[in-house]
Amino acid sequence: MTVTLLRLPNSWLTVSKDFRQIYELQYCILSNLLDYNSSLVAPYERPALSKGYLLPEAAARLPSFHTCVGANEERLTPKWYKEHGVELVLGTGVKSADVKRKTLLTTTGETISYKFLIIATGARALKLEEFGVNGSDAENVCYLRDISDANRLVNAIQSSPGGNAVVIGGGYIGMECAASLVINKINVTMVFPEAHCMARLLTPKIASYYEEYYKSRGVKFIKGTVLSSFDFDSNGKVTDVTLRDGTKLSVDMVVVGIRIRPNTGLFEGQLTLEKGGIKVNGMFQSSNSSVYAIGDVAAFPVKAFGEKRRLEHVDSARKSAKHAVSSIMEPDKTGEFDYIPFFYSRVFTLSWQFYGDNAGEVVYYGDLSASGSTFGAYWVNKGHVVGAFLEGGTREEYEAIAKTTTLRPAVEDLTELERQGLGFAVAVSQKPVALPPPIEVSGSTSGLLLEKPLYAWHATAGVVLAASIAAFAYFYGKRRRRW
């Protein structure tokens, strides 16, 4: 496994008594998650790859999206690591790990001992060959997981002006890449087996809104089928795509986005795995007390849902990195991770945010038939709002749905909730903070029921955190719209 290693003197991925160094360190570890496989490039923020990096004009390029830290968004360039005493080891593979002996063996033959190890290996893109289709090595077949993938995709776009592209997959990568291809004047056909795009998150009704918008921009959808095979020319380039339903499409390029798989290989048989990742407690500590896992690779207890989940999103990665470092450096002052899942996307002129869980009955509001409109939805489970979605909101409105999801207010009348629409979240967010109902967290470090008085300031802290997430996402989108 080729990884990016971040090492400080006398230990591995840790140790500094200075709090500012701790704060900076958490982002160093996180950046490894964001791009563990680009072995010769200092860590950077992956969201740029499916957005600004693919633009035909004023495209985002390093060092503009190296990972950053602090309110002033100081870029973590190679120079930064050197100045802060962090040894950034690029182009080095980790051949094996021994968590009992607390050692790592690199491909160069070096044995590294550690006091604490933070696993931030992220995940890899699933290849077509894992589904019985050959052709991933063709120069016009592209994935998008790291900067080398992005460069390959940019080259394919530039060599196919006005050409035809097939995008395999209807999730995050598929949707964002399709939008970027359209902006580059490429004709796009999306193919996926589900009944609608973003099936793991969006309802059919919400997904239909985005599909109709994409259609208005020239994108074609072929749903309910999958890729079967490729045809190649004498140079090994893909010329045609054949689908399982018999459809054959002429192509100049293919983009594949068919989920990811956590990079757990080094630790299988040594650490407890769950939900495809490394099982951790509310402090991000694995089954070995000296080993922590964060980001895409970690399956951690989500208090709001009462179960362990593995979340594949940059916000979860950032927050889990911060908490893991705090757990190591200040264990007596660090409680269990309390996180409301957050997802967002920006394509074309559209921008949405989602908080919480998409479980229970769905209540829609706003106009889902008009392009460019503001609309949203609540998910109500067991009489409480557990999730909220909003398209086209303002900063204050996004903060309102974030607070509402954190507070999980009770709802008795779904018709009235629909009538109030976004106003319900705005009103809830302006009320004095009340504790959300208790939930038993399965697999937490304490195993206890989160009962009555956890103190009101705990709930207040959760609301403040949710608001900060919403504000950051809104600011991030406005400031870096071209990403």
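Pull out all pairs, ordered by first then second residue, where Cβ-Cβ is under 7 Å, the residues are six or more apart or on different chains, the first lies in the range 422-433 and is more than 13 Å from GLY366 (Cα to Cα), and the second is modelled with pLDDT of 95 or more and outside any helix (DSSP H, G or I). Here the result reads ALA425/ALA388; VAL428/PRO409, each pair linking the range 422-433 to a residue that is modelled with pLDDT of 95 or more and outside any helix (DSSP H, G or I).
Reported count of residues in the range 130-148, each being under 16 Å from ALA60 (Cβ atoms) and open to solvent by 30 Å² or more (accessible area, probe 1.4 Å), is 1.
Would it be correct to say that LYS308 is charged (D, E, K, R), open to solvent by 40 Å² or more (accessible area, probe 1.4 Å) and either in a loop (DSSP other than H, G, I, E, B) or over 30 Å from VAL238 (Cβ atoms) (or both)? Give the derivation first.
Numbers: charged (D, E, K, R): yes; open to solvent by 40 Å² or more (accessible area, probe 1.4 Å): no; either in a loop (DSSP other than H, G, I, E, B) or over 30 Å from VAL238 (Cβ atoms) (or both): yes.
Considered against the rule, which asks whether it is charged (D, E, K, R), open to solvent by 40 Å² or more (accessible area, probe 1.4 Å) and either in a loop (DSSP other than H, G, I, E, B) or over 30 Å from VAL238 (Cβ atoms) (or both), LYS308 comes out as no.
Count, please, the residues in the range 322-380 that happen to be surrounded by fewer than 20 Cβ atoms within 10 Å (Cβ to Cβ), of a type in the set (Phe, Trp, Tyr) and assigned to a strand (DSSP E or B). Going through the range 322-380 one residue at a time, the tally reaches 1.
Can you tell me which of ALA400, ALA388 is in a strand (DSSP E or B), touching a helix residue (DSSP H, G or I) at 6+ places or on another chain (Cβ under 7 Å) and surrounded by 15 or more Cβ atoms within 10 Å (Cβ to Cβ)? Talk me through it step by step, then tell me what you get.
On the way: ALA400 fails: in a strand (DSSP E or B).
None of the other options fit; the residue is ALA388.
Counting only residues that are small (Gly, Ala, Ser) and open to solvent by less than 20 Å² (accessible area, probe 1.4 Å), which one in the range 90-107 is modelled with the lowest pLDDT?
Step one: list which residues in the range 90-107 are small (Gly, Ala, Ser), which gives 91, 93, 96-97.
Cutting the leftovers down to open to solvent by less than 20 Å² (accessible area, probe 1.4 Å) gives us 93, 97.
Details: GLY93: 83, ALA97: 94.
Out of the qualifying residues, it is GLY93.
Of the strands (runs of 3 or more DSSP E) lying entirely inside the range 232-281, those containing at least 2 residues that are farther than 17 Å from PHE221 by Cα span 238-243, 260-262, 277-279. Within the range 15-66, the set of residues being at pLDDT below 50, open to solvent by 40 Å² or more (accessible area, probe 1.4 Å), part of a loop (DSSP other than H, G, I, E, B) and at negative phi comprises LYS17, ASP18, ASN37.
The values are calculated or read from the model by the stated rules, or taken from the named source; none is laboratory data. This one's a predicted model, so the numbers in the text were calculated from it and none came from an experiment. Don't worry about glycine lacking a Cβ; one is built from the backbone with ideal geometry, like all the others, and counts go over all protein chains shown. Side chains included, ligands, DNA and RNA excluded: accessible areas come from the protein's heavy atoms. Shrake-Rupley method; radii C 1.70, N 1.55, O 1.52, S 1.80 Å.
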